[in-house]
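The values are calculated or read from the model by the stated rules, or taken from the named source; none is laboratory data. This structure is a prediction, so every number in the text was calculated from the model and none was measured. When we count neighbours, we look across all protein chains shown, and the Cβ atoms used for this are built from the backbone with ideal geometry, even at glycine. In case anyone asks, the SASA skips ligands and DNA or RNA and just uses the protein heavy atoms, side chains included. Shrake-Rupley method; radii C 1.70, N 1.55, O 1.52, S 1.80 Å.
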Amino acid sequence: MLSNSPAQKLKTSSFTVVISLALVLFMLGLLGLVVINAKKLSNHIKENIGFQIVLKDTTTQAELDILKQEVSSSAFTKKVDYISKEEAAKKLQKDLGEDFITFLGYNPLLSALDVKLNSDYANIDSLAGFEKQIMQKHFVKEVIYHKDMIKQVNDNAKVISVYILIFSGLLLVVAIALINNTIRLSIYAKRFLIRTMYLVGATQGFIRLPFIMKGIRQGIIAGLMAGFLLAGFLVLSTRYIPDLLQLQDPNLLVVLFGSIVALGVLISGLSAALSVRLYLRLKTDDLYF
């Protein structure tokens, strides 16, 4: 049986490096998606908690308009909706499935402003300050918000962020080590050629350049492959989780894909340069081990 030629072995080695690098970059890309979507999901949840400003029956239209304008123009507000007592009654009747107004003989509900917060202000301290400020209005009956839920959301977001940060750091270290070892093994087959070129007078920069350029090409190819895999994964995920599409920011995705390619180029190019430097510094006898 004929053995593979050296050229075929080199092609196989280069293919292995590109595939290994692409898979590692794909995993880093997935982690990037998790980080981006976790933050956006946390913000989405915070912005949908909000609070209600319950108004007294004596509130005039002018007072309502002034309050609505004041709240709408505040930095903490994302959206304000006015809910009349009639609208509140219809919603409650629909939820209960009963006409409680006919039973009671009157509508006990009050009009309110339903306020959705910007995520940066969705915390207990900010809401307490807003409540104190709004309650100074004589026509405001009360401010309703879920303190325990808001605290739990913020606490969970902090814990998840810490775990994601730690996992991201560990995965990046492992990825760099795997890519570096893979590229070093591919250059190992050419250690004698590197040593021979050095002995005949070639400069270290001249010897390194072809390997660095090859590493950069491999990084670009692997980064593009990882980007296609990531795009396919994202498209497939949105088919099963349609709401995931609403969380995606095209600009952030472009930055993520560009970062994957850039990271592949940086790691593979740097690993190639360091590997060649290692074999240049080895003694001739050490090249046989």
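What do the square roots of 5 times the Cα gyration tensor eigenvalues come to for region 69-205, in whole Å, largest first, as semi-axes of the equivalent ellipsoid?
In descending order the semi-axes read 66, 19, 14 Å.
About the Cα centre, and with charges only on the beta carbon of Lys, Arg (+1) and Asp, Glu (-1), how big is the dipole of the chain? Nearest 20 debye, please. Intermediate values should be presented prior to the final figure.
Details: 31 positive and 22 negative charges, 445 e Å.
Dipole about the Cα centre, nearest 20: 2140 debye.
Mind listing the phi-derived Karplus ³J(HN,Hα) values for region 72-88, rounded to whole Hz, using 6.51, -1.76 and 1.60 with θ = phi - 60°, and x for any glycine or proline?
Along region 72-88, the couplings run 4, 7, 6, 5, 7, 9, 9, 7, 10, 10, 8, 10, 6, 5, 5, 5, 4 Hz.
If each of I241 and L41 carries a label point 7 Å out from its Cα toward its Cβ, how far apart are those two points in nm?
0.4
I want the antiparallel fraction of DSSP beta bridges within region 41-194, as a percent rounded to 5. Working shown, then result.
Values: 14 of 14 bridges.
Expressed as a percentage, antiparallel bridges in region 41-194 total about 100.
Please report the orientation-averaged projected area of the chain, defined via the convex hull of its C-alpha atoms, in nm². Please list the in-between numbers first.
On the way: hull surface 97.7 nm².
Approximately 24.4 nm², given one-decimal rounding.
Quote the relative contact order of the chain in percent (integer), defining contacts as alpha-carbon pairs under 8 Å separated by 6+ residues. Before the final figure, lay out each step's value.
Values: 300 pairs, mean separation 80.2, N = 289.
Across the chain, relative contact order equals 28 percent.
Given the DSSP H assignment, sum -39500 (n - 2.57) over each helix run of at least 4 residues in the chain and divide by its residue total; what's the result at 222 nm in deg cm²/dmol, nearest 500?
On the way: 10 runs with 206 residues, N = 289.
Only helices count here, giving -24500 deg cm²/dmol.
Kindly provide the pair-distance distribution of region 148-221 built from C-alpha pairs, with 5 Å bins from 0 and whole-percent values in order of increasing distance.
P(r) for region 148-221, in whole percents per bin: 3, 12, 14, 14, 11, 9, 8, 7, 6, 5, 4, 3, 2, 1, 0.
Counting only the backbone N, which residues of region 26-62 are under 15 Å from the spot 7 Å out from the Cα of D95 toward its beta-carbon?
49-54
For K40, go through the lysines and keep the ones whose alpha-carbon is under 17 Å away, minus same-chain ones fewer than eight residues off.
Here the lysines satisfying the reach criterion relative to K40 are K78, K116, K158.
Kindly state, to the nearest 0.05, the FRET efficiency for F167 paired with S72, given R0 = 35 Å and r defined as their beta-carbon distance. Let's see the in-between values first.
On the way: r = 40 Å, r/R0 = 1.15.
With a Förster radius of 35 Å, E is 0.30.
Using amide H atoms built 1.01 Å from N in the peptide plane, name the residues 5+ places from G50, or on other chains, whose amide H lies under 5 Å from its own.
Here L117 satisfy the definition.
If each residue of separation counts as 0.36 nm, what is the full-extension length gain between H138 and S126 once their alpha-carbon separation is subtracted? Walk me through the numbers on the way to the answer.
Numbers: separation 12, 0.36 × 12 = 4.32 nm, distance 2.13 nm.
Gain on stretching H138 to S126: 2.2 nm.
Taking only C-alpha pairs under 8 Å that are 6+ residues apart, what is the relative contact order of region 37-159 in percent? Can you show the working numbers first?
Numbers: 150 pairs, mean separation 52.1, N = 123.
So the answer I get is 42 percent.
For T16, what accessible area in Å² do you get when you roll a 1.4 Å probe over the heavy atoms of the protein chains, rounding to the nearest 10?
70
Straight-line reach only, C-alpha to C-alpha below 16 angstrom: list the lysines that K137 could link to, leaving out same-chain residues fewer than 8 apart.
K56, K68
Could you give the length gained by full extension between D57 and K85, i.e. 0.36 nm per residue of separation minus their alpha carbon distance, to one decimal place? Numbers along the way, then the final one.
Values: separation 28, 0.36 × 28 = 10.08 nm, distance 0.93 nm.
Roughly 9.2 nm would be gained on extension.
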